[in-house]
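A quick write-up on the structure given underneath.
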Amino acid sequence: MKVIAVANQKGGVGKTTTAINLAACLAEIGKRVLLIDTDPQANATSGLGVAVAPGGSLLPVLLGEKSIREQIAPTPFPHLDLIPSELELATIETAFAGSDSPLFHLRDALEPLRAGEGYEIVLLDTPPSLGLLMANALAAADLVLIPLQCEYYALEGLSKILELLGKLDAMGGKNGRRILGILMTMFDVRTNLSQQVLEDVRRHVPDLLFRTIIPRSVRLAEAPSHGKPITAYDPSSVGAASYRHFCSEFLARLSA
């Protein structure tokens, strides 16, 4: 089982869109996938058509009140399960305030899933902040996938998450980079800015950049409001084709 955090502290970069659609594409080809929504805004939860329910999130797991398996909910899509989120998950910041090891609760909670047979891939959708929920997800992950929008300040945001990863690795005793790759999102072929940002990232971190580029798409933006990934909402769209292509590249890099 591989645990992948989909992370970027900046909001609006296509992080949840990537988590939902990568999970759906993996499930579509028969992979057993668990998506964990660690963002109190619960966008990944509603984006898969699952109702937000009090007590149904990671919160009681992180507090030691329930096991992680108790919180797993089915989705309408075969092979894809979900641990939903809820607004109350934000209170964990206060609950962890006096903890001796506040960064490693999620890592410890995932151990029963690692020990058992079931999921091949666990995806963690993270909040757009550098708080304890983001830190817990990064500390629990084997690898990190960074969606990066083709917009100004993209490299500035990238440097901050790389710095945070370095600090967490040092605290957790992990050595070396754990970045699976950087996925460029919201690429607008009509603008010079998108091409310029892409070239900047390619020049600075060429080895980390995925070849697949996710375009800016109205259909991709519409899909979450219908509670569906793009592969279910509009299977023949450019967005669906892009995420299926990325899924293949993701698996190839994961097994390399």
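Every number in this text was worked out from the coordinates using simple rules, so none of it is lab data. Keep in mind it's a predicted model, so treat the numbers as computed, not measured. With ideal geometry, Cβ positions are generated from the backbone for all residues, glycine too; neighbour counts draw on all protein chains shown.
Please report the projected area of the chain's Cα convex hull averaged over all directions, in nm².
Quarter of the Cα hull surface area: 12.8 nm².
Taking springs between alpha-carbon atoms closer than 10 angstrom, which of 149, 71, 196 fluctuates most in the Gaussian network model of the chain?
In the Gaussian network model the winner is 196.
Give, in nm to one decimal, the length gained when the segment between residue 236 and residue 63 is fully stretched (0.36 nm per residue of separation minus the Cα-Cα distance).
Additional length available on full extension: 58.0 nm.
Treat each spin label as a single point 7 Å out from the Cα along the C-beta direction, and report the residue 142 to residue 111 distance in nm.
1.8
Among the DSSP beta bridges whose two residues both lie in the chain, what percent are antiparallel, rounded to the nearest 5?
The answer is about 5 percent antiparallel.
Counting other Cβ atoms within 10 Å, keep those with at most 15, restrict to DSSP loop, and tell me which GluC sites (Glu not before Pro) in the stretch 153-256 are left.
Sites meeting the loop and neighbour criteria: none at all.
Suppose a student asked you for the relative contact order of the chain, using Cα pairs under 8 Å spaced at least 6 residues apart; what percent would you report?
That works out to 26 percent.
Over the stretch 11-105, what number does the Rg to Rh ratio reach, with both radii from the alpha-carbon atoms and Rh per Kirkwood?
My calculation puts Rg/Rh at 0.99.
What distance in nm lies between label points placed 7 Å from Cα along the C-beta direction at residue 211 and residue 129?
According to this spin-label approximation, the distance is 4.0 nm.
Are any of the pairs 2/66; 31/160; 15/167; 2/167; 31/167; 160/228 more than 25 Å apart by Cα-Cα distance, and if so, which?
31/160; 31/167; 160/228
May I ask you to derive the FRET efficiency for residue 120 and residue 73 from their Cβ-Cβ distance with R0 = 25 Å, giving the value to the nearest 0.05?
Taking R0 as 25 Å, the efficiency between residue 120 and residue 73 is 0.85.
Per the helix-only calculation at 222 nm, which mean residue ellipticity applies to the chain, given -39500 (n - 2.57) for every DSSP H run of n ≥ 4 and division by its residues, nearest 500 deg cm²/dmol?
Calculated from helices alone, the mean residue ellipticity at 222 nm is -11500 deg cm²/dmol.
Which of 143, 58, 124 moves the most in a Gaussian network model of the chain with Cα springs under 10 Å?
Its mean-square fluctuation being the largest, the pick is 143.
For the stretch 71-198, what number results from the quotient of the Cα radius of gyration and 2.2 N^0.38 Å?
The value comes to 1.22.
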